[in-house]
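Q: Below is the structure I would like to discuss, written out as structure tokens.
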Amino acid sequence: MRWFDAYDGPWTRDEAAHLGRRAGFGRRPDELTRMVEWGLDRTVDGIVDYPVVDEELEAEIAALPEILAVDRNGQEKPVGSIKVPFYEWDLQNHWIFRMIRTRHPLQQQLQLFMHDHLVSDWQKVWATITDADVRGPTGFNRGALNPWTQKIVGRQYRLLRDASHGPYRALLRAVLRDPAMLIYLDNRINTKEKPQENFARELLELFTMGVGNYTEHDVREIARALTGEALNEREADHWPFEYEFQADRHDGEVKTVFGKEVRSDMPGGEADRIIDLILDHVSGAPISPAHARVPAAALHLAWKFLGWFVFESIPIDHPAVEELGAFFYETRVDGDNYQVREVLRKIFKSRFFHDESYRYRMVKHPMDYMVMAARNVELDEFACVTRWPLNKMGVPVWTAEMGMRLYGAPNVSGWEHGRAWINSGNLIARFNLAGGMSGADFMTPAYCDRLIAQGHVDSESDTEGIVEYFRARLLQAELRPAEKQSLDAMVAAIGASPSEADPSTVFQRRVRACFHVMMTFPRYQLK
């Protein structure tokens, strides 16, 4: 049997829950019931073939207060209409809101993957635009994003959201010309007089092939081919900061990449030709036997997908990487290969993905940890950013303390995954978030009352019902005897004192405590 042969084992709530955790942010019990009824193939197709535009979510965002509808709806606005000061956490809050409320969670999970893979950073955009002296007479508040930064970073955010599950070739071409990336990796200043190698190097090392599959000569030649791929930063045009090919800065001489000529008169231009050469190059590098047979980019990207959706520690020379890489390269839709949607479909329907040894083996990244809880226990009060207490920085501060600052990866390689998410500082931050989410600001009396009104819990004295409600939504596995014993004892102890006589208050405290404690369980850290 091959690694990615179709899975033909049992299809129960356990398998459906595993798929839900990896292809999104988990699923509620009612969703798991529907997934089991539909079967594996229909379920996977429904998850993977999501619409680019989530119409229900867009309508929900449009109905939010003006500050959200104007500043956070993801649509470009004329610079003069964007309110300032506009801060980093405004962008983060908007994305977190989408993750919690989306009807198509794979779109958001895949966008996170691409955000971690095709890295850029709002801070360099902000610093660069500020240096361009486009500020108004009074300047901007310290830490605020100027309107141009919001526009540029927001555009990349939408690009990764809307194009990530299409052909990777098209996404790469768009990212190459994306203003945020042109600024972050310095290609905006790549000229024939002074070639800038940053983008060329990361294009090879991180975005496509991986280390060891190219030479320094290839880096230099690709940098020359990408000269003139720049931005319009002219004051005379009111600083649009939009992509512009500047022919007078381009090196028009012949280049040689992987032993093949690249000329300016080639159809599609040199930049597109470079991407085609990279995606087709079989390096023969001594990384694995597969590198003598399959293009290095297909192998590297397959390995990255497996590391995000199956197991963080799969080695690059694992035979599953070759099989998936060959599929990624050879499968064509509408004449183009490198189809992300099809490689995800292949993974999620495979016996490799559904191997029980990979269940609860991956450490949740901070967005998994937070968003799965908010979505699956239907904590609508937390999803509504207008209720976030103290100030609008609250939730982004929590996620940054857990180690994942959206729009601010630690470096161009992105975040370190796996057990790196679980150290003493990050773990405390997780538990602090759990404590904040279980507080009365979010887990309100109205939320607690809904558990009874909707039939999830029989009554205010139904401690077993409280435990079961959160077990089915957070752990999605049977409680171990020690876990159940400790939860039952903890929940029962609340209200045991004669001074705690009000049944409603006791019930609310039990609900909040059970949620908080279950989020600290070792198994909740895994997916």
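The values are calculated or read from the model by the stated rules, or taken from the named source; none is laboratory data. Computed from a predicted model, the values in this text were never measured in an experiment. For neighbour counting, all protein chains shown are included, and Cβ atoms are generated from backbone atoms with ideal geometry for every residue, glycine included. Protein only, heavy atoms only, side chains kept; ligands, DNA and RNA dropped before computing areas. Shrake-Rupley method; radii C 1.70, N 1.55, O 1.52, S 1.80 Å.
Q: Being of a type in the set (Phe, Trp, Tyr) and open to solvent by 40 Å² or more (accessible area, probe 1.4 Å) is the filter here, so list the residues in region 430-450 that pass it.
A: Narrowing region 430-450 to residues of a type in the set (Phe, Trp, Tyr): 431, 442, 447.
Matches in region 430-450: Phe431 only.
Q: Which residues, counting only those in region 218-253, are touching a strand residue (DSSP E or B) at 6+ places or on another chain (Cβ under 7 Å) and touching a residue at least 40 places away in the same chain (Cβ under 8 Å)?
A: Asp218, Glu221, Ile222, Ala225, Glu229, Ala230, Leu231, Phe241, Glu242, Tyr243, Arg249
Q: Which condition number does Thr227 fail, the rest of (1) part of a loop (DSSP other than H, G, I, E, B); (2) open to solvent by 20 Å² or more (accessible area, probe 1.4 Å); (3) touching an Asp or Glu at 6+ places or on another chain (Cβ under 7 Å) being met?
A: In the conditions (1) part of a loop (DSSP other than H, G, I, E, B); (2) open to solvent by 20 Å² or more (accessible area, probe 1.4 Å); (3) touching an Asp or Glu at 6+ places or on another chain (Cβ under 7 Å), Thr227 misses (2) alone.
Q: Here is a further query. Conditions first: (1) farther than 30 Å from Ala420 by Cα; (2) in contact with a Leu (Cβ under 8 Å, 6 or more places away or on another chain); (3) touching a residue at least 24 places away in the same chain (Cβ under 8 Å). Val321 passes all but one, so which condition is the exception?
A: The one condition Val321 does not meet is (1).
Q: Residues in region 230-245 that are open to solvent by less than 30 Å² (accessible area, probe 1.4 Å) and either closer than 20 Å to Asn198 by Cβ or assigned to a strand (DSSP E or B) (or both): how many?
A: Adding up the residues that qualify gives 4.
Q: Can I ask one more? Would you point out the residue of region 393-445, among those that are in a helix (DSSP H, G or I) and basic (Lys, Arg), that is nearest to Val363 (Cα to Cα)?
A: So in region 393-445, the residues in a helix (DSSP H, G or I) come out as 394-401, 418-421, 424-437, 445.
Within this subset, residues satisfying the condition of being basic (Lys, Arg) are 419, 430.
Details: Arg419: 7, Arg430: 13 Å.
Ranking the qualifying residues of region 393-445, first place goes to Arg419.
Q: So, one more: Determine, yes or no, whether Ala453 is open to solvent by 60 Å² or more (accessible area, probe 1.4 Å) and farther than 20 Å from Asp368 by Cα.
A: Working: open to solvent by 60 Å² or more (accessible area, probe 1.4 Å): yes; farther than 20 Å from Asp368 by Cα: yes.
Yes.
Q: Next question. From the residues in region 52-72 that are open to solvent by less than 30 Å² (accessible area, probe 1.4 Å) and under 19 Å from the mean Cα position of the chain (by Cα), which one is modelled with the lowest pLDDT? Steps first, please.
A: Going through region 52-72, the residues open to solvent by less than 30 Å² (accessible area, probe 1.4 Å) turn out to be 54, 57, 61, 68-69, 71-72.
With the extra rule that they be under 19 Å from the mean Cα position of the chain (by Cα), the set shrinks to 54, 57, 72.
Numbers: Asp54: 91, Leu57: 89, Arg72: 39.
Ranking the qualifying residues of region 52-72, first place goes to Arg72.
Q: Right, next: Which residues, taken from region 420-429, are open to solvent by 20 Å² or more (accessible area, probe 1.4 Å) and either closer than 17 Å to Asp116 by Cβ or small (Gly, Ala, Ser) (or both)?
A: Start the filter on region 420-429 by keeping residues that are open to solvent by 20 Å² or more (accessible area, probe 1.4 Å), which leaves 420, 422-428.
Those that are open to solvent by 20 Å² or more (accessible area, probe 1.4 Å) and either closer than 17 Å to Asp116 by Cβ or small (Gly, Ala, Ser) (or both): Ala420, Ser424, Gly425, Asn426.
Q: Can you spot a residue in region 396-416 that is touching a residue at least 40 places away in the same chain (Cβ under 8 Å), surrounded by fewer than 21 Cβ atoms within 10 Å (Cβ to Cβ), of a type outside the set (A, V, I, L, M) and touching a strand residue (DSSP E or B) at 6+ places or on another chain (Cβ under 8 Å)?
A: yes
Q: Would you pick out the residues in region 186-209 that are on the phi < 0 side of the Ramachandran plot, part of a loop (DSSP other than H, G, I, E, B) and open to solvent by 10 Å² or more (accessible area, probe 1.4 Å)? Steps first, answer last, please.
A: Going residue by residue through region 186-209, those that are on the phi < 0 side of the Ramachandran plot are 187-209.
Adding the requirement that they be part of a loop (DSSP other than H, G, I, E, B) leaves 190-197, 209.
Those that are on the phi < 0 side of the Ramachandran plot, part of a loop (DSSP other than H, G, I, E, B) and open to solvent by 10 Å² or more (accessible area, probe 1.4 Å): Thr191, Lys192, Glu193, Lys194, Pro195, Gln196, Glu197.
Q: For region 498-516, how many residues are open to solvent by 50 Å² or more (accessible area, probe 1.4 Å) and free of Cβ contacts under 8 Å to residues at least 60 places away in the same chain?
A: Going through region 498-516, the residues open to solvent by 50 Å² or more (accessible area, probe 1.4 Å) turn out to be 498-503, 505, 509, 516.
This time we only want the ones that are free of Cβ contacts under 8 Å to residues at least 60 places away in the same chain, so: 498-503, 505, 509.
Summing the residues that are open to solvent by 50 Å² or more (accessible area, probe 1.4 Å) and free of Cβ contacts under 8 Å to residues at least 60 places away in the same chain in region 498-516 gives 8.
Q: Another question, if that's okay. Here are the criteria: (1) under 30 Å from Val44 (Cα atoms); (2) outside any loop (DSSP other than H, G, I, E, B); (3) in contact with a Phe, Trp or Tyr (Cβ under 8 Å, 6 or more places away or on another chain). Tell me which single one Ile316 does not satisfy.
A: (2)
Q: Just need a number here: residues in region 246-302 that are in a helix (DSSP H, G or I), among the charged types (D, E, K, R) and open to solvent by 20 Å² or more (accessible area, probe 1.4 Å).
A: Applying the first criterion (in a helix (DSSP H, G or I)) to region 246-302 yields 247-249, 269-280, 289-292, 296-302.
Then keep just the ones that are among the charged types (D, E, K, R); that gives 248-249, 270, 272-273, 276, 280.
Now restrict to residues that are open to solvent by 20 Å² or more (accessible area, probe 1.4 Å): 248-249, 272-273, 276, 280.
Of the residues in that region, 6 qualify.
Q: Could you give me the residue pairs with C-beta distances under 6 Å whose first residue belongs to region 117-132 and is in a helix (DSSP H, G or I), whose second residue is of a type outside the set (S, T, N, Q) and modelled with pLDDT of 90 or more wherever it lies, and which are 6+ apart or on separate chains?
A: From region 117-132, the pairs are Trp122/Val153; Trp122/Tyr407; Lys124/Tyr184; Val125/Ile152; Val125/Val153; Val125/Ala180; Val125/Ile183; Thr128/Ile183.
Q: Is at least one residue of region 450-473 within 17 Å of the chain's Cα centre (by Cα), among the charged types (D, E, K, R) and outside any helix (DSSP H, G or I)? So that I can check it myself, show each step before the final result.
A: Residues of region 450-473 within 17 Å of the chain's Cα centre (by Cα): none.
Scanning region 450-473 turns up no residue that is within 17 Å of the chain's Cα centre (by Cα), among the charged types (D, E, K, R) and outside any helix (DSSP H, G or I).
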